[in-house]
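Q: Quick one: the structure is below, questions incoming.
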Amino acid sequence: MPIFWQNNFNQLNYFINWSYSFGGSSNGRTVAFEAINRGSNPCPPAMNIEQEKSALDSLLYEIWMFNETFSISDYISTPIAKRDACHNALLESFLIHARNLFNFLEDKIKKDDIRISDFSINKITVNLPQDNSIHDINKYLTHLTKKRIQNNKPKWKLGEIKKEINEKIHKFLDQLPPDLFPTKERKEKSDFKSYLTL
């Protein structure tokens with residue numbers, strides 16, 4: 001082999017060995033590749049089974065709060081002067097947890113967040129009611145935007161939101177393998193489903 005090709009071959013071989021020594025993401029890309037290909041959106045490393053169990057416990061909290069803030073009466077032992085604030089707090093909490101569950105199911109969140117794809121399950125489409133989209137929740141609740149003064153506030157269809165998200169969470173749970181239960185907090189799949197008041 002000519003000396004020119006031999007030198008280039010040695011350099012290429014060195015680069016390949018060096019890049020593999022650093023591992024890479026779960027989609028097979030190496031760290032070296034990811035450093036060069038900055039425009040890509042590589043998948044985060046896959047979670048192990050213990051991490052998945054812990055992630056399910058965090059998801060259970062979201063499911064529990066989502067359903068509890070819908071059903072709790074905001075007038076129990078609440079002075080009349082405080083009822084508006086209590087109602088708003090429950091409404092906003094419900095919508096925040098709806099947003100978190102929507103993003104989890106749709107797999108549209110940042111790569112360091114817990115995602116449905118962490119469980120090797122494809123995204124599940126959530127069909128929120130008209131004028132109650134995730135965009136509306138973001139604009140009217142989680143950000144102080146000009147849209148609040150340019151348009152009328154949405155009429156939140158809470159019952160429809162709850163029913164749709166609970167149905168899709170139920171679909172997600174049905175796809176989980178049995179070895180993920182009990183979770184780290186000793187919760188069974190039946191515990192998750194007990195909160196899904198459809």
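Q: Across region 169-186, what is the total count of residues that are out of contact with any Ser or Thr (no Cβ under 7 Å at 6 or more places or on another chain) and either assigned to a loop (DSSP other than H, G, I, E, B) or not assigned by TED's automatic domain parsing to the domain that holds Asn67 (or both)?
A: 8
Q: Lys163: over 14 Å from Leu59 (Cβ atoms), of a type in the set (Lys, Arg) and in a loop (DSSP other than H, G, I, E, B), yes or no?
A: No: the conditions fail for Lys163.
Q: Pairs under 7 Å by beta carbon, first residue aromatic (Phe, Trp, Tyr) in region 160-179, partner at pLDDT 95 or above, six or more apart or different chains?
A: Filtered contacts from region 160-179: Phe172/Leu105; Phe172/Ile116; Phe172/Ile121; Phe172/Ile124.
Q: Which residue out of Leu105, Leu128, Leu180 is in contact with a helix residue (DSSP H, G or I) (Cβ under 8 Å, 6 or more places away or on another chain) and under 16 Å from Ile63 (Cα atoms)?
A: The match here is Leu105.
Q: Additional query: Looking only at region 104-155, how many residues end up being closer than 21 Å to Leu90 by Cβ and touching a residue at least 24 places away in the same chain (Cβ under 8 Å)?
A: 10
Q: Can you say whether Lys123 is closer than 21 Å to Asn67 by Cβ and of a type outside the set (Phe, Trp, Tyr), as far as the supplied structure shows?
A: Criteria not met by Lys123.
Q: Sort out which residues of region 111-148 are part of a helix (DSSP H, G or I) and either out of contact with any Leu (no Cβ under 8 Å at 6 or more places or on another chain) or not assigned by TED's automatic domain parsing to the domain that holds Leu91 (or both), and write them in order of number.
A: Residues satisfying the conditions are Ser117, Asp118, His135, Asp136, Asn138, Lys139, Tyr140, Thr142, Lys147, Arg148.
The values are calculated or read from the model by the stated rules, or taken from the named source; none is laboratory data. Quick caveat: nothing in here was measured; it's all calculated off a predicted structure. We place every Cβ from the backbone using ideal geometry, glycine too, and count neighbours over all the protein chains shown.
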